[in-house]
Amino acid sequence: MNPKLKLNLQRALIYVFLVILLIITLVPIWMLMVNATRSTAQIQQGVGFWPSVYTASNYQILLDKGLDLPRGFFNSFIIAIATTAVTVYFSFLTAYGLVVYEFKGKKQLYNFILILVMIPMQLSIIGFYHYMSKLGLTDNYLSLILPSIAAAGAVYFAKSYLESVIIQDLIDAGRVDGASELGIFHNIMFPIAAPGAFTLGIFSFVGAWNNFFNAYILITTRDKYTLPMLVQTLRGDVYRHEYGAIYLGLAASVVPIIIIYFLFSRFIVSGISMGAVKE
Amino acid sequence: MELSPVAVNTKRIDTVKKRNRNGLTPLEHEREKWGYLFLSPWLLGFLLFTLLPILATLVFSMTDYSPVNAEATTFVGFSNFATMLTDDKMWISLWVTIRYAVLAIPVSFIFGLVLALLVNSKHLVGKDVFRTLFYMPSMIPVVAGALVWAGVMNTQTGWINVTLKTVGITGPDWLGEVEWIYPALVLIGLWGLGNLMLTLLAGMQGVPNELYEAAVIDGASGWRQFRHITLPMISPVVFYNMTLMLIGAFKYFDLAYVLKNGTGGPSDATLFYNLNLYKNAFTYNLMGYASALAWVLFLIILILTILLFVTSGRWVYYAAEVRK
C-alpha cells in the first residue's frame, strides 16, 4: 500500500474511533439536558434526542414536592464562593511564606504539607464532626468553609506557581519603598500571581460545588441543603415516577458546572497538566 | 558628597556584629518572624481542623463512644480492633474494595492511556477540542453523574439496553445483579477518567521530540517507541496516578451510596470500605468502632503508598535525576 494512503487510513480510523468514544461520553449529558425538558410520559415512551416543552411543568412538580432548586443553587453558590476565597487567599499566603522567607523547619513543614495531601479525610471526619457539634457548628456553613484555611494540595499548587512567577527584585523594591511585608504580598505579589490564583480558584469552586460527603454529614436542615444534597433526595420514593422532574433537578446541578468549564477550560486543562508535570 | 565604598563596608561589618544568639542578623531575624507569621493561619487551621480531629478519632477508636449515649462512654482499649477481626461486614467491605480496585485500576489505566495516546497522535487536528470534551464529565458532580447513569443503565428504558435490544440481546440488570455491578461501576468510572487522561497526555507532551527522531532513524517501530521511550518517560505520571487510584478505591463512597441508596446492595456487593465506615459512624452511631475503622483505613493506605514508593525505584524513571 502506498505510504500516504496508509497514513490517511490510519488517521481516519483514529478519528472514527475518537468520535464514537466522544459520542458515548457526551450522550449521557445531552440526554440529561433533553430529558429535563421532556415529560415523564415522553421519557418512558423511549429514548429521544430533541428537547421538548415540559421544562416549566417539570419545575412545577419539583416545587409541589417541596424541592426548592433556586434555594439549593443559592446555598451551593454561597458555600462554593466562600470556600474558594478562603482557599485561594490562605493557600497563597502560606505558599508565599514558604517561598520568600527563610526560617527554621521550613523544609520539614513543606514536606509535612505534602504528606498531608495523602491523608484521607475519613481519618479526621468523626473527630471533626464531634468538635463541630460541641461548638454548635454542625448545620452551619462555617464548618464546610473554614477548614479550607489549612488546605494541603492547594498550598502545593500555590507554591509551585509562586516559584515560577516570583521576582525577588520587586519584593526588595517594595521594601525599599517602605511597604510592609503583608503589603508587599497583597499589592505586589498577589496581582502577579493572579492567573495562578484564578486557576486554583476554579478548582476550589468546582470542588466545593461538587462536594457531597462533608455537606451530607454536617448539614441537616433541608433549607440549607446544597444542590448535590437536593439531587440526592430525587432518588427517593416521592419522585418515583417523576422522571422529567428528576432530570430537571440533575440538570440544574450540572449546567452551571458545564458553563464554568466551557468558559475556563483552558485554565482547568493547563492546571491539571501543570500538577502532573511538576511531580 | 560621594558615598565612599569604605563607609558602606563599615556599615556592613556593623550589621554582621549585631548577630543575636541564633547567629542571625536583626534583618534575618525579622524575616524569620515574618515567615512564621505568614504560616500561622495555616498552622492554626491545621491544628483545629485536622490535627485535633485526628487525635480525637484516635482516642475514640479506643472507646465505645456513641453520640446518642455520650455519657456512658468507656475506655475499651483495643477491643474495637479485635471486633473488626470477627466483623463479617468489615471483611466483606474490604473484599468489595479490593475486588473493585483490581478490576477498575487496570481497566481505567489502559483506557486512559489509549485515549491519551490517540488524542496525542501526531496528525490529529483539533486535539484541544477532543481533550476538552473528554475531560468534561470529570467536572460533573458525582451525585448527578450517578443518577444520570442509573437512567442510562435502566433495565427497560436505559439506552444501553434499548440499543442491545435492537441487535437482539437482552441487556442485564446492570445495577441489580452482583456479577454486573462491578463492570457497571467501572464503566461509570471510565466516564470520569479525564484527570488520568490529561495527566498522561501532559506527560507524553513533555517527552523530548529528539528521542523519537533518533528512534525513527534507528528504525524503531511505533510499538517499540511506545514501549521504550513513551512508557519510561511518563512513568512518574503513571506512578502518580496509580497512587491516586489506589487511595481512591479506599475512599470510594458517593457513587456507591447514591446508586444503591446506601444499602450496599445487591447482597453487599457495593458495601465499600468507606461506605461501611460511614454507616457505622452515622447510621448506627457506633463512632468508637467507626474511628477504629478509620485508623485501619489510614494504615492500609499508608502501607500501600509505602509499598508503591518502595517498588517505584524499579520502574519509575526520573529523567531529571539521571541528567544530574
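Here is the figure for the stretch B:275-296: residues that are surrounded by fewer than 24 Cβ atoms within 10 Å (Cβ to Cβ), touching a residue at least 40 places away in the same chain (Cβ under 8 Å) and within 8 Å of another protein chain (Cβ to nearest Cβ) total 1. Looking across the stretch B:171-194, the residues that are without any contact (Cβ under 8 Å) to a residue 40 or more places away in the chain and either assigned to a helix (DSSP H, G or I) or in contact with a Leu (Cβ under 7 Å, 6 or more places away or on another chain) (or both) come down to B:G171, B:E179, B:W180, B:A184, B:L187.
Taking the stretch B:149-161 as the range and being surrounded by 14 or more Cβ atoms within 10 Å (Cβ to Cβ) and under 16 Å from A:N35 (Cβ atoms) as the test, the residues that pass are B:W149, B:A150, B:G151, B:V152, B:M153, B:N154, B:T157, B:G158, B:W159, B:I160. Filtering A:T94, A:T138, A:T84 for residues that are of a type outside the set (A, V, I, L, M) and away from every other protein chain (no Cβ under 13 Å) leaves a single hit, A:T84.
Listed by position, the helices (runs of 4 or more DSSP H) enclosed by the stretch B:231-290 that each have at least 3 residues that are closer than 30 Å to A:S273 by Cβ, under 23 Å from the mean Cα position of the chain (by Cα) and among the polar types (S, T, N, Q) are B:231-251. Across the stretch A:92-122, the qualifying residues are those that are modelled with pLDDT of 90 or more and among the small types (G, A, S), and the one among them that is farthest from A:S160 (Cα to Cα) is A:G97.
Every test in (1) surrounded by 13 or more Cβ atoms within 10 Å (Cβ to Cβ); (2) of a type outside the set (F, W, Y); (3) touching a residue at least 12 places away in the same chain (Cβ under 8 Å) is passed by A:P28 save one, and that test is (3). With respect to the stated conditions, A:I272 fails to be crowded, with 18+ Cβ neighbours inside 10 Å, at pLDDT 90 or above and within 12 Å of another protein chain (Cβ to nearest Cβ). Taking the stretch A:230-240 as the range and being surrounded by fewer than 20 Cβ atoms within 10 Å (Cβ to Cβ) and under 22 Å from the mean Cα position of the chain (by Cα) as the test, only A:T233 passes.
Given the condition over 25 Å from B:L185 (Cα atoms), modelled with pLDDT under 90 and not in a helix (DSSP H, G or I), answer yes or no: does some residue in the stretch B:307-316 qualify? Among the residues of the stretch B:307-316, at least one is over 25 Å from B:L185 (Cα atoms), modelled with pLDDT under 90 and not in a helix (DSSP H, G or I), which makes the answer yes. Please tell me if B:M197 is over 29 Å from A:Q44 (Cα atoms), at the interface with chain A (Cβ under 10 Å from one of its Cβ atoms) and touching a residue at least 60 places away in the same chain (Cβ under 8 Å). The answer is yes for B:M197. Checked against the criterion of being within 11 Å of chain A (Cβ to nearest Cβ), under 26 Å from B:Y135 (Cβ atoms) and of a type in the set (A, V, I, L, M, F, W, C), the candidates B:M233, B:M204 yield just one match: B:M204.
Considering only residues in the stretch B:134-148 that are in a helix (DSSP H, G or I), within 22 Å of the chain's Cα centre (by Cα) and within 7 Å of chain A (Cβ to nearest Cβ), the one that is surrounded by the most Cβ atoms within 10 Å (Cβ to Cβ) turns out to be B:V143. Out of the residues in the stretch B:297-313 meeting the condition of being over 15 Å from B:L277 (Cα atoms) and over 14 Å from the mean Cα position of the chain (by Cα), tell me which one is surrounded by the most Cβ atoms within 10 Å (Cβ to Cβ). Among them, the one singled out is B:S312. Of the residues B:L85, B:L115, B:L164, the single one that is within 13 Å of chain A (Cβ to nearest Cβ) and surrounded by fewer than 20 Cβ atoms within 10 Å (Cβ to Cβ) is B:L164.
The residue pairs whose first member lies in the stretch B:236-250 and is more than 7 Å from chain A (Cβ to nearest Cβ) and farther than 14 Å from B:L113 by Cβ, whose second member is assigned to a helix (DSSP H, G or I) and among the acidic types (D, E), and whose beta carbons are closer than 7 Å, counting only pairs six or more residues apart or on different chains, do not exist in this structure. Could you check the stretch A:52-71 and list, in sequence order, the residues that are within 26 Å of the chain's Cα centre (by Cα) and within 13 Å of A:N35 (Cα to Cα)? Residue satisfying the conditions is A:Y59 alone. Residues being facing another protein chain (nearest Cβ under 10 Å) and either farther than 25 Å from A:L227 by Cβ or not hydroxyl-bearing (S, T, Y) (or both) are represented in the stretch A:155-172 by at least one member.
Among the criteria (1) basic (K, R); (2) more than 29 Å from B:L190 (Cβ to Cβ); (3) within 14 Å of chain B (Cβ to nearest Cβ); (4) surrounded by 15 or more Cβ atoms within 10 Å (Cβ to Cβ), the one A:K104 does not fulfil is (4). Which members of the stretch A:219-228 meet the condition of being part of a helix (DSSP H, G or I) and more than 8 Å from chain B (Cβ to nearest Cβ)? A:R222, A:D223, A:K224, listed by residue number. Which residue, of A:Y216, A:Y243, is over 13 Å from the mean Cα position of the chain (by Cα), closer than 20 Å to B:L147 by Cα and within 8 Å of chain B (Cβ to nearest Cβ)? Being over 13 Å from the mean Cα position of the chain (by Cα), closer than 20 Å to B:L147 by Cα and within 8 Å of chain B (Cβ to nearest Cβ) holds for just one of A:Y216, A:Y243, which is A:Y243.
The values are calculated or read from the model by the stated rules, or taken from the named source; none is laboratory data. These figures come from a predicted structure and were not determined experimentally. So basically every Cβ, Gly included, is an ideal-geometry build from the backbone, and we count neighbours across all protein chains shown.
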